[in-house]
Amino acid sequence: MADTEPTSALYACLTCRKQKRKCSRELPVCSLCKKNGRSCEYRVSDHNKSTPSDDPRPVIARSRSPINRPQSRQTVAPPSPSSSSITTATPSATHRQDASAWFFLDHYDFQRKKLTLPPPNAELPHEFSHVLETSSLMFNVDVYFNSVHTFLPIVSKLRLYRELSVSQNNLSADLTLLLIAMQLHTKSLHNGEPQNGKLYKTAKAACSHVECNNTLSVALLQATLLVALYEIEHAIYPAAYLTVGHCARLGLAMGLHNRKRAPQMLSTPTTSTEWEERRRSWWAVIVLDRYIHLGSRDRSFACEDARPEEILPVDEKHWDQGALALVQPLALSANNTVQASPFARTCQASHLLSRVLRHVNDRDANDEFRYQEASQLHRTLQALCTTIATESESMFEKSSDTMAKLPLFTANALCYSALLCLYELYCCAEGADPSQYSHPAFIEMQRLGIAGVKETSYNVYRFSQNIKSVAELGGMLKMSPLVCDCLYQAAANYAWLAGETSSEDDISKLATIKNVLGMLGKRWKLAGEYKNMIDHYEQSFMTPS
């Protein structure tokens, strides 16, 4: 039968040829590729001599599974720069919805058919949009850029002001949502509770509405990140933990974690400002995810660590102005003369925090390897702390203003949190295997742990004094809630030391840190919760067992 499709190729598939493996030559996928679940390709001439030599298709048999995909006769036009919708001979809502599902169910086939995702079709209903304070819109945006943006700069100031200057009416659904999320951070606590309870619930519901209407965008991710930050700073759990995880899923779906290999849901940026905004948004996911795992150890991260070659955020001043700036990789450089931006330091600190948390949770590694890794983490974190301190003092010397140190507070705090987590693991021998007590590396790590807990707790005590000074000078608006964990850990250490030794010095340092937590508690409920936990911790030492 002349029309019968061949069941085997004349020669091995391209993958087996490249790997010099024996190929079964089965069509459409050979047994080895089928077993390994990989793509299987044959040249046209390998199994169909009747194919014209001028056929432009280099490969006609390709599959990632043993299922034969039917060749659709539908004509699909390639995406145009001005549209992200699917163009077919007979366009319909069903086809557009199919394309979104196709993107996730079989991305290879999505690309082969040159399908494109549908345009956003969400209009934010009045039940959500009415909470946006349009009369004070620009004021709230200014407050946001003078507060949250100083320690979590993920929204392009240049782009947003430009969009709002064109028109503040008929805003897109995702941009309206972003403005609502920014508005969440413009008010402090009232009688110990957030004033934006209704706005928070509306923002959460609006995020879900926009997402369910296929509006996956950087603005949606940024809005969700700001909602997650709001939940963190007001200790709204388990919502904060779940929302940060959802931010990671959104970023992964869009391909922000790996723009070279991952399927890309978004169109290619046309400016370096757009590229930087996407990079910063993904870094923010990592920063918040690692922070919430400080108190939730032995849980998997929502996303992988950044690769060493990953580019750090550029200097904020250049980015806000849309100017070109020096780019640097994540890998810490031995040359500390190259100064990084404050947010880049925050990203580096969160990366090291991630490594510490993985180290703490890893109970399967060889003991010798663990001690070596712990020692390396100790040295690397200490080096970054020294670099941040040097840069902080340099900022202060240039301006003679205590407020100049504020931009580096988040990076500083994350380093302290990571060090305290690391030292806590080794300062007490009770949890270790008794066979390790005489191991030289174990003894050295215990020595480092005991000395490190005392030194780092003291550094956090001094850090709390800087926080107090900056807050009294009016810097509370620009303060980061991510400083709270290291204050809590250091206060818990001093509470333990005071309970053991009744040292007046330890009691005094504990009181100082608790006072700072109380001051921060007027802005964020998170700090108040930490202070309450310390109070209960102290009472446990005073109550007879």
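Couple of notes before you dig in:
- Residues within the stretch 269-285 that are closer than 22 Å to Pro118 by Cα and in contact with a helix residue (DSSP H, G or I) (Cβ under 9 Å, 6 or more places away or on another chain), tallied: 3
- Qualifying residue in the stretch 526-540 (condition: open to solvent by 60 Å² or more (accessible area, probe 1.4 Å), modelled with pLDDT of 90 or more, closer than 20 Å to Leu420 by Cβ and touching a Cys at 6+ places or on another chain (Cβ under 6 Å)): no
- Pairs are defined by a Cβ separation below 8 Å, a sequence spacing of at least 6 or placement on different chains, a first member in the stretch 97-116 that is without any contact (Cβ under 8 Å) to a residue 24 or more places away in the chain, and a second member that is among the acidic types (Asp, Glu); the pairs so defined are Trp102/Asp109.
- Which listed residue, of Leu517, Leu510, is over 18 Å from Val453 (Cβ atoms) and surrounded by 17 or more Cβ atoms within 10 Å (Cβ to Cβ): Leu517
- Close pairs from the stretch 10-38: first touching a residue at least 40 places away in the same chain (Cβ under 8 Å), partner assigned to a loop (DSSP other than H, G, I, E, B) and of a type in the set (S, T, N, Q), Cβ under 7 Å, at least 6 apart: Pro28/Asn68
- Selection within the stretch 318-328: residues that are on the phi < 0 side of the Ramachandran plot and in a loop (DSSP other than H, G, I, E, B). The member of this set that is modelled with the highest pLDDT is Gln328.
- Failed item, numbered, when Trp283 is tested on (1) surrounded by 23 or more Cβ atoms within 10 Å (Cβ to Cβ); (2) within 18 Å of Leu422 (Cβ to Cβ): (2)
- For the criterion of being out of contact with any Gly (no Cβ under 9 Å at 6 or more places or on another chain) and more than 25 Å from Cys207 (Cβ to Cβ), Val314 passes.
- Leu115 being touching a strand residue (DSSP E or B) at 6+ places or on another chain (Cβ under 7 Å) and modelled with pLDDT under 85: yes
- Residues that are of a type in the set (Gly, Ala, Ser) and over 19 Å from Ala223 (Cβ atoms) within the stretch 259-296 comprise Ala262, Ser267, Ser272, Gly295, Ser296, listed in sequence order.
- Set side by side, the residues Thr215, Thr202, Thr176, Thr150 differ, and just one is within 25 Å of Cys484 (Cα to Cα) and hydroxyl-bearing (Ser, Thr, Tyr), which is Thr150.
- Within the stretch 518-532, residues that are farther than 15 Å from Ala490 by Cβ have Cβ atoms under 6 Å from residues that are open to solvent by less than 30 Å² (accessible area, probe 1.4 Å) and part of a helix (DSSP H, G or I) in these pairs: Met519/Ala471; Gly521/Ala527; Gly521/Gly528; Trp524/Glu233; Trp524/Pro481; Leu526/Glu233; Leu526/Pro481; Leu526/Cys484, counting only partners at least 6 apart in sequence or on another chain.
To keep it simple, each residue is scored yes or no on (1) hydrophobic (A, V, I, L, M, F, W, C); (2) under 26 Å from Leu171 (Cβ atoms).
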| site | (1), (2) |
| --- | --- |
| Cys212 | yes, yes |
| Leu220 | yes, yes |
| Val227 | yes, yes |
| Asn258 | no, no |
| Leu266 | yes, yes |
| Val287 | yes, no |
| Arg290 | no, no |
| Cys303 | yes, no |
| Pro308 | no, no |
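- The set of residues from the stretch 78-107 being over 20 Å from Leu216 (Cα atoms) and either at pLDDT 85 or above or surrounded by 14 or more Cβ atoms within 10 Å (Cβ to Cβ) (or both) comprises just one member, Thr88.
- Here is the figure for the stretch 414-473: residues that are of a type in the set (A, V, I, L, M, F, W, C) and modelled with pLDDT of 90 or more total 16.
- Among the residues making up the stretch 261-273, a single one is more than 17 Å from Pro120 (Cβ to Cβ) and under 18 Å from the mean Cα position of the chain (by Cα): Ala262.
- Filtering the stretch 359-395 to residues that are surrounded by fewer than 15 Cβ atoms within 10 Å (Cβ to Cβ), part of a helix (DSSP H, G or I) and of a type in the set (Lys, Arg) leaves only Arg379.
- Helices (runs of 4 or more DSSP H) wholly inside the stretch 99-169 that include at least 1 residues being among the acidic types (Asp, Glu) and over 22 Å from Arg523 (Cα atoms): 107-112, 126-129, 157-166
- Taken over the stretch 108-159, the criterion of being aromatic (Phe, Trp, Tyr) and surrounded by fewer than 19 Cβ atoms within 10 Å (Cβ to Cβ) is satisfied by Tyr108, Phe139, Phe145.
- Flag if Asp315 is at pLDDT below 85, under 29 Å from Ala302 (Cα atoms), surrounded by 14 or more Cβ atoms within 10 Å (Cβ to Cβ) and not hydroxyl-bearing (Ser, Thr, Tyr): no
The values are calculated or read from the model by the stated rules, or taken from the named source; none is laboratory data. Bear in mind that the values here come from a model prediction, so they are computed numbers and not experimental data. Backbone-built Cβ (ideal geometry, glycine too); neighbour counts: all protein chains shown. Just so you know, the surface numbers come from the protein's heavy atoms only, side chains and all, with ligands and any DNA or RNA stripped out. Shrake-Rupley method; radii C 1.70, N 1.55, O 1.52, S 1.80 Å.
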